[in-house]
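Asks: Take this structure first; my questions come after.
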Amino acid sequence: MHRGKLIVIEGQGFTGKTTQANLLVEKLKEAGIGAVALRHPGGTVHAEKLRQELLEKKEAGVLTPDEELEFLMRSLKSLVEELILPALEAGKWVVLTRFIPSAIVYQGYQEGLDKDFIKTQAEKASQHLKPDLSILIDLPEEEIMKRQANAHDSEIHAYNNLDLAVLKARRKGFLEVFKEMENAVIVNGSKPKEKIADEIWQEVSSRLSLS
């Protein structure tokens, strides 16, 4: 049995990561490939509890950047060990929203932690797992602000930020990180979701030998 592929979809909040991950999984299944969509932080029972506690503490403003990173790394370790690696070994393709780049951007570019330290900790937590393809959905800050302003309250949490300077710092971080990565592509998130899905499918098909 061939080992499955890991595809990571990155981006800020309200860029459409989850939508595109689910659409990609559907397309993979239509192509006869077993696939599953997962999210970080979260996924396992333990990681979902950590996610909820993290969001609550973040909302209350009682987390230091170091504590925040520790929560995320514990969650990542659980997700990789319990779900991602077993799925890959079983031949399934995993489409994961958020991975190491998000930690570098949110805890490094935004919170000021050492980026090399973050990368080292994340690689250790993920057992040095490398994605077969990483996709960044890039969206201008102003569009993110518009989407959040029109969102339901249930879609908004402590990591969604309407501060333009923060959104700009995050976007700069993602673009810089992705330009240094292997097997990575940046797509324009301003397009209709169907066109974005088609573009992502073309990238997946050509880069991972499906066409």
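The values are calculated or read from the model by the stated rules, or taken from the named source; none is laboratory data. This structure is a prediction, so every number in the text was calculated from the model and none was measured. Cβ atoms come from the backbone with ideal geometry, glycine included; neighbour counts cover every protein chain shown.
Asks: Within region 35-77, restricting attention to residues that are among the basic types (Lys, Arg) and within 18 Å of Gln107 (Cβ to Cβ), which residue is modelled with the lowest pLDDT?
Replies: Residue satisfying both the conditions and the ranking: Lys58.
Asks: Based on what the data block shows, is Leu28 among the hydrophobic types (A, V, I, L, M, F, W, C), within 28 Å of Leu210 (Cβ to Cβ) and touching a Leu at 6+ places or on another chain (Cβ under 6 Å)?
Replies: No, not satisfied.
Asks: Count, please, the residues in region 23-63 that happen to be under 25 Å from Val204 (Cβ atoms) and surrounded by fewer than 16 Cβ atoms within 10 Å (Cβ to Cβ).
Replies: Count: 6.
Asks: Does Ala122 meet the test of being farther than 21 Å from Gln20 by Cα, crowded, with 17+ Cβ neighbours inside 10 Å and among the aliphatic types (A, V, I, L, M)?
Replies: The answer is yes for Ala122.
Asks: From the residues in region 24-81 that are of a type in the set (Val, Ile, Thr) and in contact (Cβ under 8 Å) with a residue 60 or more places away in the chain, which one is farthest from Gly4 (Cα to Cα)?
Replies: From region 24-81, those of a type in the set (Val, Ile, Thr) are 25, 33, 36, 44-45, 62, 64, 80; that's our starting set.
Next cut, in contact (Cβ under 8 Å) with a residue 60 or more places away in the chain only: 25, 33.
Details: Val25: 13, Ile33: 9 Å.
Residue satisfying both the conditions and the ranking: Val25.
Asks: Related question: Tally time: how many residues in region 83-112 are of a type in the set (A, V, I, L, M, F, W, C) and farther than 19 Å from Met181 by Cβ?
Replies: Taking region 83-112 first, the residues of a type in the set (A, V, I, L, M, F, W, C) are 83-85, 87-88, 90, 93-96, 99-100, 103-105.
Among the residues that remain, those that are also farther than 19 Å from Met181 by Cβ are: 83, 85, 87-88, 90, 93.
The qualifying residues number 6.
Asks: Follow-up question, since we're still on this one. Go through region 179-211 and count every residue that is assigned to a helix (DSSP H, G or I) and either of a type in the set (Val, Ile, Thr) or under 16 Å from Pro140 (Cα atoms) (or both).
Replies: Total satisfying the criteria: 4.
Asks: I've got another one for you. Within region 187-201, how many residues turn out to be more than 18 Å from the chain's Cα centre (by Cα), of a type outside the set (Asp, Glu) and surrounded by fewer than 13 Cβ atoms within 10 Å (Cβ to Cβ)?
Replies: Adding up the residues that qualify gives 2.
Asks: Just the residues that are farther than 14 Å from Glu70 by Cβ and small (Gly, Ala, Ser), please, taken from region 108-124.
Replies: Gly108, Gly112 - these are the residues of region 108-124 that are farther than 14 Å from Glu70 by Cβ and small (Gly, Ala, Ser).
Asks: OK, next. For the structure I just gave you, tell me whether Lys115 is under 18 Å from the mean Cα position of the chain (by Cα), at pLDDT 95 or above and surrounded by 14 or more Cβ atoms within 10 Å (Cβ to Cβ).
Replies: Against the criterion (under 18 Å from the mean Cα position of the chain (by Cα), at pLDDT 95 or above and surrounded by 14 or more Cβ atoms within 10 Å (Cβ to Cβ)), Lys115 qualifies.
Asks: Could you check, for region 141-161, whether at least one of its residues is under 18 Å from the mean Cα position of the chain (by Cα), crowded, with 17+ Cβ neighbours inside 10 Å, at pLDDT 95 or above and at negative phi?
Replies: So far as region 141-161 goes, no, none of its residues is under 18 Å from the mean Cα position of the chain (by Cα), crowded, with 17+ Cβ neighbours inside 10 Å, at pLDDT 95 or above and at negative phi.
Asks: Quick one: how many residues across region 74-92 are small (Gly, Ala, Ser) and farther than 16 Å from Lys49 by Cα?
Replies: Residues in region 74-92 being small (Gly, Ala, Ser) and farther than 16 Å from Lys49 by Cα: 3 in total.
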